[in-house]
Amino acid sequence: MENVIEAIGLTKSFGAFTAVNAISFHVQKGEIFGFLGANGAGKTTAIKMLIGIANPTSGAAKVAGFDVFTEAESIKRNIGYMSQKFALYDDLTVKENITFFGGIYGLTRAAIKTKTQALIDELNLENVANHLVGSLPLGWKQKISFSVALLHNPKIVFLDEPTGGVDPITRRQFWEMIYKAAHQGTTIFVTTHYMDEAEYCDRVSIMVNGKIEALDTPKNLKKTYKAENMNDVFLKLARG
Amino acid sequence: MRLFLGFVKKEFYHILRDRRSLFILFGMPIIQILLFGFAITNEINHVNIAIFDHSKDVTTHEIINKISASSYFTINQLINNEKDIESVFKKGKIKAVLIFERDFNKKLITNKSPTVQIIADATDPNTANTISNYINAIIQTYVKEINKDVPVVYQINAQSHMVYNPELKSVFMFVPGVMTVILMLVSAMMTSISITREKELGTMEILLVSPLKPIQVIAGKVIPYVFLSVINAMVIIVLSIFIFKMPVQGSLILLGFESVLFIITALALGILISTISATQQTAMMISLMGLMLPVIILSGFIFPVGSMPLPLQIISNIIPAKWFIIILKAIMLKGVGIMYIWKETLILLAMTLFFIILSTKKYKIRLE
Amino acid sequence: MSITLNHISKSYKNVQALNDISFNVKAGELFGLIGPDGAGKTTLFRILTTLLTADSGSATVSNFDVVKDYKKIRNSVGYMPGKFSLYQDLTVEENLNFFATIFGTTIKENYDLIKDIYVQIEPFKNRRAGKLSGGMKQKLALCCALIHKPEVLFLDEPTTGVDPVSRKEFWDMLKRLQQTGITILVSTPYMDEAALCDRIAFIQNGSILEIDSPQEIVKHFSKTLYNIRAHNMYQLMESLSHYKHTFSAYPFGEYVHYSDNRMDMNPNELHMYLVSKGLNEIIIEVTQPTIEDTFMALAK
């Protein structure tokens, strides 16, 4: 299996404080990788290094085959990113958003057009394609946002709490989209605070105080920590 | 009261911890006053002029000497050909050319009134005007000098005498204007931004759902800025007195009272702006476009109200800054007391009351 | 009754935010408002905290009318809005002091009430609120909402975006607070938190779907529910979505929760179907519906 993310001893310090402390792991092609941790455990900092917007203090990492130190620009072209805080422009319509994001990833006009139509068909957006994104329910926004992150066929998609606050049904539809993308070979790197979603991942890592305390399949983690579900695993680990 | 003081204390924390706002608050008045004082000026100094003397006799020499002796002009070039006049202007260095007609001295003695022609470069009309006035004045002085022994029977002499700003120093004109602009900016913009920030953060929701009365929230927001604006006004006055030798002829207490009145006007405007804007950005745009531009353009700060078209003159009346500038000039330069400016003060007071009532009416006790 | 709502409706421009909402919360109750983002929870909170007025209907908090007696309500309730509402540029202690002051009290006076929570953030009392982690901010916000010893506490999505550990701690605190007699109305998008409330109301698109205790509410799920597992989740979901008898099939942790559209379904038949789709390691077993299953069934 091909590794699309390889991190060895990746570290980031801010002065005396070490936010990410020598984490090492790898993620395979087409894998759904759950990246869990308490608030402040260092998840966001780690993701920032992997997507090439923050320089590691030490260690090494390759994302989509590119070095995070020297080839950050190539990384950015080969990944998709979606965060809960910023997804789409509320004051642009669905179509305008898709066109804009297609444009910044250098898609041709024709490609944007076909992709836009495909996306609208897939998500049943015919009626709202010309509505402002701001007027749509959160769940829809997140689904559109995920599709937009996939527009340029990235090797990896980073999803930072994509389902926070989304209703239970839409949340599951969202995960169906994740499964589908993974099935087609896209690697999914996802953070979440819903522990049932952790079970959907192929492998899960749990960060505590800047270190990866556990990394395995949900099944093995539950066995190792003698827990009934991932929530218990998380509570046992993160409580320290 | 303890509730209220707690609120005011919190406002001071906000202001003191925000370096950028602090810089705007205290750096800007100083920079503005220095800029206006030094850079923008109507005075002329060592202006380069050229002379085209057809006569070259005793009188013209004496006049030329007088001109070159003044610090206002430097005689840079002597021209001997009509055609050269245009070319020296085109080079740009020479701002005026003085032409003495033929037989200057002869005409003077024979009582035929010789003429001096002043050609000035009017691409900058203010400077051209000043140059021509100054040259005129020098020539007049000279004429008086040579005539002092000769009794002239019929002559009307217009004597102009500049009062209140005898040296025509432009800084005297700018100080009241800059002070007005700064007080407006600090008071109105800063308060409106600080209130809308609470809306953006969501803290306004908590403040509303608390025993604090709306009037306490508003007053708590306003008081720190009254304090800061008064400090600002003092800084401006002190700077202009010590650096630009600006006189304050009238009573400092009256000046202080009028300044506080204007500060309150501006604060009331700031509150009004905050009631109609949902974000800090909107508040800032409205403050800048809605307040600063009229203050700069229509208040008489830069362009005299008297020379505006009638509609603009009428509009200028509703601009509080216009009245404050009149008051400031009257106190600082004319040294008059309240007896002479009670009308302007009353207008300002009425406007302030109007804004306060309007903003308390518009201030919402709920979110919509 | 601590909180009553009678036929409350509210719309913005062309969106109906709340549609004929009626329910009561008893004194000392921990009542949960469960629903996704955009369901109308925040609007409901704002009406009860007197920040908005309803288009129609009436409501009371501590027997005060939310419109007429808004001043009295503002003196006696605690409110933690959904957006994090503390001053980021003030320290932990300054924030708490400020909120104590504007409610006419001091930290000392009501220290007992916040002690449990405050000791956890006290080591950082000189840190600016903006520099705290999510869980810490929340604890501070709760302290600020509690500092004046409110009769009723309104918490609008206090745990959104917070990790499971901090969420659990937060709910432990709520349970302890409830012991002191405070009525608590809390909203959350997390269904697992619903189980910790005395009673819950499901809310979706501005309407109440059901109100009951967490134990009783699951009885509104009328079908038999099955846990289904196979070696490949994606393939399993695909196969179930094409199965003609599928009523609902939602992934739940390592299983898919499946309900059939027939009254008398035979699990063996489904097993055969899944085998025919190339799935193996198949497990099909009856399970008890959770609160989330019930919500989805009612919201469908």
Average accessible area per residue (Å²) across chain C - probe 1.4 Å, nucleic acids and ligands excluded: 40 Å²
How many angstrom separate the Cα center of region B:106-129 from the Cα center of region C:82-158? 79 Å
Using a basic spin-label model with each label point 7 Å from the Cα along Cα→Cβ, how many nm lie between C:Ser22 and A:Asp202? 5.5 nm
Accessible-area value, B:Arg102, 1.4 Å probe, nucleic acids and ligands omitted, Å²: 150 Å²
So what is the relative contact order of chain B, in percent, for Cα pairs below 8 Å that sit 6 or more residues apart? 19 percent
Which one of C:Asn63, C:Asn227, C:Asn261 has the biggest mean-square fluctuation once chain C is modelled by GNM with Cα springs under 10 Å? C:Asn261
Taking the mean number of other Cβ atoms within 10 Å as a proxy for protection, how do you rank A:33-40, B:89-96, C:89-96, B:4-11 from highest to lowest? A:33-40, C:89-96, B:4-11, B:89-96
Between B:Pro309, B:Pro247, B:Pro224, find the one with the highest GNM mean-square fluctuation for chain B; connect C-alpha pairs within less than 10 Å. B:Pro309
Taking a 22 Å limit on the Cα-Cα distance, which of the listed pairs A:Lys29/A:Lys226; B:Lys10/B:Lys213; C:Lys41/C:Lys300; A:Lys226/C:Lys219 fall beyond it? A:Lys29/A:Lys226; A:Lys226/C:Lys219
Between the alpha-carbon centers of region C:196-272 and region A:1-44, tell me the distance in whole angstrom. 35 Å
Of all DSSP beta bridges in region B:47-146, antiparallel share, percent nearest 5: 30 percent
When every protein chain stays in place and a 1.4 Å probe is rolled, A:Ile53, C:Ile282 sorted by accessible area with the largest first are A:Ile53, C:Ile282
Before I look further, what does chain B give for accessible area per residue, probe 1.4 Å, in whole square angstrom? 53 Å²
Accessible area buried at the B-C interface, both sides summed, 1.4 Å probe (Å², nearest 100): 2900 Å²
Using a 1.4 Å probe on the protein heavy atoms, what percent of the accessible area of chain A belongs to carbon and sulfur? 51 percent
Per residue, how much accessible area does region A:70-200 have with a 1.4 Å probe, in Å²? 43 Å²
Which of the lysines could be linked to C:Lys131 by a straight reach, that is with a Cα gap under 17 Å, when you skip same-chain ones fewer than 8 residues away? A:Lys43, C:Lys83, C:Lys139
Within 11 Å, Cβ to Cβ, of A:Ala41, how many net charges do the neighbouring residues add up to if Lys/Arg are +1 and Asp/Glu are -1? 0
Only loop residues by DSSP count here, and only those with at most 15 other Cβ atoms within 10 Å; note down the trypsin sites (Lys or Arg not before Pro) in region C:82-115 that meet that. C:Lys83, C:Lys108
Taking every DSSP beta bridge with both residues inside chain B, roughly what % is antiparallel (nearest 5)? 30 percent
Provide a whole-number value for the mean count of partner chain Cβ atoms within 10 Å of the Cβ atoms in peptide C:249-257. 5
Note the buried accessible area between A and C here, summed over both chains, with a 1.4 Å probe, in Å² to the nearest 100. 2600 Å²
With a 1.4 Å probe and all protein chains left in place, how much of the accessible area of region B:47-146 comes from carbon and sulfur atoms, in whole percent? 50 percent
Which of B:Ile206, B:Ile341, B:Ile33 moves the most in a Gaussian network model of chain B with Cα springs under 10 Å? B:Ile206
Complex-versus-alone comparison for region B:1-30, residues with a loss of 30 Å² or more in accessible area, probe 1.4 Å: B:Arg2, B:Leu3, B:Lys10, B:Tyr13, B:His14, B:Arg17
Those GluC sites (Glu not before Pro) in region C:248-288 that DSSP places in a loop and that have at most 14 other beta carbons within 10 Å: C:Glu281
Less than 23 Å apart at the alpha-carbon level, and either on another chain or at least 8 residues along: which lysines does that give for B:Lys148? B:Lys66, B:Lys106, B:Lys107, B:Lys112
Percent of accessible area on chain C owned by carbon and sulfur, 1.4 Å probe? 47 percent
Within region B:180-286, trypsin sites (Lys or Arg not before Pro) in DSSP loop having at most 11 other beta-carbon neighbours inside 10 Å: B:Lys245
What does the structure give for C:164-171 when I average, per residue, the other chain Cβ atoms found within 10 Å of the residue Cβ? 5
Peptide A:161-170 - average C-beta neighbours from other chains (10 Å radius): 6
Protection-proxy order for peptides B:324-333, C:3-12, each taking the mean of Cβ atoms within 10 Å per residue, highest first: B:324-333, C:3-12
Using the Cα centre of the protein assembly as shown as the reference point, and only Cβ charges (+1 on K/R, -1 on D/E), how large is the resulting charge dipole? Debye, rounded to the nearest 20. 2080 debye
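The values are calculated or read from the model by the stated rules, or taken from the named source; none is laboratory data. This one's a predicted model, so the numbers in the text were calculated from it and none came from an experiment. When we count neighbours, we look across all protein chains shown, and the Cβ atoms used for this are built from the backbone with ideal geometry, even at glycine. For the accessible areas, the whole protein counts, side chains as well, though only heavy atoms, and no ligand, DNA or RNA atoms are used. Shrake-Rupley method; radii C 1.70, N 1.55, O 1.52, S 1.80 Å.
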